Amino acid sequence: MREQLLAARNLVMGTTNILLLAVPDGWRVLEGPSQPEIDRWSERADQRWMSEGRATYRLVAVAPEAPEFARAEVELRLTASPGSSGEHAVRHGYTTVRRGLLRRREVPAAQVEIDCPPTRRRLQLMLVPSLRGGAPTARQEDLRQLVEVMLEGIRCH
């Protein structure tokens, strides 16, 4: 397991942290199709944290026998919204979502939700396999592995 800081960098506003994400060994965190959108932030210990906004990343498992190829690919959609002032809480679950344009199909998905009172936000992470050739690029087992490691090492601030 290793820890990856997800952050948005802006020439004018500086760096805004999003999340310290734990990923399994053999997985890489890559940028998504667009830059993170930070609508609001809060500050804690001289660091800025996204309190409202969204970001998309790709989580890719490399094939051990051919590291230039992805064995699995999962889209991570992260949304931050104002949260409650209760205690730190983490919830997770598994579901399916419909993907594709013309041939829509059910694919496995996972969701992790984190309440972070010190930064006054709720983070929602949705993990959904990409589609390639009409088939999902990750299995349910891949999602379970990602969620297990995230729950073990995720840090919201």
**Item:** Using θ = phi - 60° and Karplus 6.51 cos²θ - 1.76 cosθ + 1.60, couplings along region 48-63 (whole Hz; Gly, Pro as x)
**Value:** 9, 10, 5, 9, 8, x, 8, 8, 10, 10, 10, 9, 10, 9, 7, 7
**Prompt:** Net charge near residue 43, counting Lys/Arg +1 and Asp/Glu -1 over other residues with Cβ under 13 Å of its Cβ?
**Reply:** +4
**Complete:** Under the rule rounded for a/c under 1.5, else prolate if a/b exceeds b/c, else oblate, using alpha carbon gyration tensor axes a ≥ b ≥ c, region 1-113 is classed as prolate
**Request:** Taking H placed 1.01 Å from N in the peptide plane, check which residues at least 5 places from residue 4 or on another chain put their amide H under 5 Å from its amide H.
**Result:** 21, 22, 23
**Message:** List the residues, sorted by chain then number, that are 5 or more residues from residue 83 or on another chain and whose placed amide H is less than 5 Å from its amide H.
**Reply:** 121, 122
**Request:** Might you work out the accessible area of residue 41 for me, using a 1.4 Å probe with all protein chains in place, and round it to the nearest 10 Å²?
**Result:** 100 Å²
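Roughly speaking, what is the stretch gain from residue 29 to residue 62, that is 0.36 nm per residue apart minus the C-alpha to C-alpha distance, in nm to one decimal? Walk me through the intermediate numbers first.
Details: separation 33, 0.36 × 33 = 11.88 nm, distance 1.10 nm.
Extending this stretch completely gives an extra 10.8 nm.
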**Fill in**
With all protein chains in place and a 1.4 Å probe, residue 104 shows an accessible area in Å² (nearest 10) of 120 Å²
**Largest to smallest accessible area among 92, 157 [probe 1.4 Å]** = 92, 157
**Prompt:** In debye to the nearest 20, how big a dipole does the chain give about its Cα centre with +1 on each Lys and Arg Cβ and -1 on each Asp and Glu Cβ?
**Reply:** 520 debye
**Message:** Using the Karplus curve 6.51 cos²θ - 1.76 cosθ + 1.60 with θ = phi - 60°, what ³J(HN,Hα) values do you get for each residue of region 115-125, in whole Hz, with x for Gly and Pro?
**Reply:** 9, 10, x, x, 9, 6, 8, 10, 9, 10, 10
**Prompt:** Based on the Cα gyration tensor of region 57-157, what are the three equivalent ellipsoid semi-axes, each the root of five times an eigenvalue, rounded to whole Å and given largest first?
**Reply:** 28, 16, 11
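The values are calculated or read from the model by the stated rules, or taken from the named source; none is laboratory data. Computed from a prediction, not measured in an experiment: that's the story for all the values here. With ideal geometry, Cβ positions are generated from the backbone for all residues, glycine too; neighbour counts draw on all protein chains shown. To get the accessible areas, we keep the full protein, side chains included, count just its heavy atoms, and leave off ligands, DNA and RNA. Shrake-Rupley method; radii C 1.70, N 1.55, O 1.52, S 1.80 Å.
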